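Novice: Can you keep this structure in mind? I'll have questions shortly.
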Amino acid sequence: MRRIAFAAVVALALGAAAFAAQTTGTVTEPETGKTFETSHAFGGNAHTLIGVGAFEAFGAIDVYGAGFYVDTEASARSWQRFLERQGASFVHDGVVDWGGLKSSSTLYQWVHSGSFGKGIHIKMVRSVTKQQVIDLHNDVMSALVDDFDVAVTRSPLKDYVDATCQDSEDGDELQIWSRGSTIYVKSSRHGETRIENASSIIRPVWQLWFGANPIQVPLRRELVEHLENLGGPTAAAE
């Protein structure tokens, strides 16, 4: 199976008024035609859509459409801290150099490593077998997890793979989200699984879905093409 390929549409706004305007409606992933809510509750917590994309495999055949989300409240605070600190060199007189920031690996480290919760909503457009999904995880995560051959036989990685690697059919949905040190997996066919004490795999999990490090440059730019919707620094953070 091939590397994940995403086309991103970013739709995150900061501040109550801007957020209310940006988080109504849906975004359609153009390759699969699947739509995703711009505001979605994972485990009862509001999350905001920051990207949509299509996964290609089997010779560039679309397998699913996906929406990538971040915890609305926690990510807004983290984004402001990022602009003050790691991303400060891209902020001049309160104005963000969006082009420069989009090309910076610093941004992707913020997404992967941020302590805010993240979520992905997957909508299948092609049937796949459990073994095909396992092969995908083994191929990508073996480069992200230390001592992968051992880790995949033990909790929490084994629990995560068991929950996510299942036979899937066109029309099935899968939701994965993290909160603190816990990962949740909710399948339209297999119910919900809670994986506790998962701190060691949370970053690799989001690297898997967001794009393994190092991220290819075209993929990197597509994922943040509309980064401006995150907003610039607030008055207090300028």
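Just so it is clear, none of the values below were taken in a lab; they were calculated from the coordinates. None of these values were measured; they are calculated from a predicted model. In this analysis, Cβ positions are derived from the backbone assuming ideal geometry, glycine residues included, and neighbour counts consider all displayed protein chains.
Novice: By per-residue mean of other Cβ atoms within 10 Å, what is the highest-first order of 138-150, 172-184, 62-74?
Specialist: Most protected by this proxy first, the peptides run 62-74, 172-184, 138-150.
Novice: If you don't mind, there's one more thing I want to ask. Over the Cα atoms, compute the radius of gyration (one decimal) and Dmax (the largest Cα-Cα distance, rounded to a whole number) for the stretch 16-237, in Å.
Specialist: 17.4, 53
Novice: Considering Cα pairs under 8 angstrom that are at least six residues apart, work out the relative contact order of the stretch 77-164 and quote it in whole percent.
Specialist: It rounds to 15 percent for the stretch 77-164.
Novice: Rounded to the nearest 0.05, what FRET efficiency do S127 and H92 have when you use their Cβ-Cβ distance and R0 = 45 Å?
Specialist: That pair, S127 with H92, gives E of 0.35.
Novice: If amide hydrogens are placed 1.01 Å from N in the peptide plane, which non-local residues have theirs closer than 5 Å to the one on F42?
Specialist: Amide H to amide H, under 5 Å and 5 or more residues apart or across chains, F42 pairs with H47.
Novice: Using the Karplus curve 6.51 cos²θ - 1.76 cosθ + 1.60 with θ = phi - 60°, what ³J(HN,Hα) values do you get for each residue of the stretch 186-196, in whole Hz, with x for Gly and Pro?
Specialist: Values per residue, Gly and Pro as x: 10, 10, 5, 9, 10, x, 10, 10, 10, 10, 8 Hz.
Novice: Also, quick follow-up: List the lysines whose alpha-carbon lies under 21 Å from that of K186, not counting same-chain residues fewer than 8 positions away?
Specialist: Those lysines meeting the cut-off are K34, K118, K123, K130, K158.
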